[in-house]
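**Q** This is the structure, below, for whatever I ask next.
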Amino acid sequence: MIVAGLGVLGGCASVPPPRGEIAEATFAVGEAQEAEAPQYAPAELRSARKKLKAAESAMANENYEKARHLAEQALVDAQFAEAKARAEIQRQGVEELRKSIEILRRELNKRSGSS
């Protein structure tokens, strides 16, 4: 039983620290921030930040498997927040363009009708 317990502990110790995953998640959170996610995807960005903080805490406690898992989740949440924000910005741009086209169409109709 002691040998089995030592084998489990040895297995945990062999998991490398997920520095790369945490760095990727940190970068993705920054990218989402710059993509206006605080305005257009606040819940998703908040989730990414929360998971990143938990990953950093797990890393500090040397729970590398948990840290890796949380960092991967934070990365996905941050990427989703960024995509959602960019999509909303594009949607608004399309809506503005649609409104401009409608105004031009009305102007053309006025001119065509008065000629």
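The values are calculated or read from the model by the stated rules, or taken from the named source; none is laboratory data. Since this is a predicted model, take the numbers as computed values, not measurements. Cβ: placed from backbone, ideal geometry, glycine included. Neighbour counts: every protein chain shown. Side chains included, ligands, DNA and RNA excluded: accessible areas come from the protein's heavy atoms. Shrake-Rupley method; radii C 1.70, N 1.55, O 1.52, S 1.80 Å.
**Q** Just checking, which of Glu56, Glu65, Glu34, Glu24 is modelled with pLDDT of 95 or more, over 20 Å from the mean Cα position of the chain (by Cα) and of a type in the set (D, E, K, R)?
**A** Of Glu56, Glu65, Glu34, Glu24, the one residue that is modelled with pLDDT of 95 or more, over 20 Å from the mean Cα position of the chain (by Cα) and of a type in the set (D, E, K, R) is Glu65.
**Q** Scan the stretch 25-43 residue by residue and report those that are more than 18 Å from Gln92 (Cβ to Cβ) and in contact (Cβ under 8 Å) with a residue 12 or more places away in the chain.
**A** Ala25, Thr26, Ala28, Val29, Glu31, Gln33
**Q** Using the structure shown, decide if Glu95 is among the acidic types (Asp, Glu) and at pLDDT below 95.
**A** no
**Q** Look through the stretch 65-87, keep the residues that are basic (Lys, Arg) and under 22 Å from Tyr40 (Cβ atoms), and return whichever of them is surrounded by the fewest Cβ atoms within 10 Å (Cβ to Cβ).
**A** In this case the residue turns out to be Arg86.
**Q** Does any residue in the stretch 88-115 that is within 30 Å of Glu36 (Cα to Cα) and open to solvent by 90 Å² or more (accessible area, probe 1.4 Å) come within less than 9 Å, Cβ to Cβ, of a residue that is small (Gly, Ala, Ser) and part of a helix (DSSP H, G or I) six or more places away or on a different chain, and which pairs are these?
**A** If the second residue must be small (Gly, Ala, Ser) and part of a helix (DSSP H, G or I), no pairs are left.
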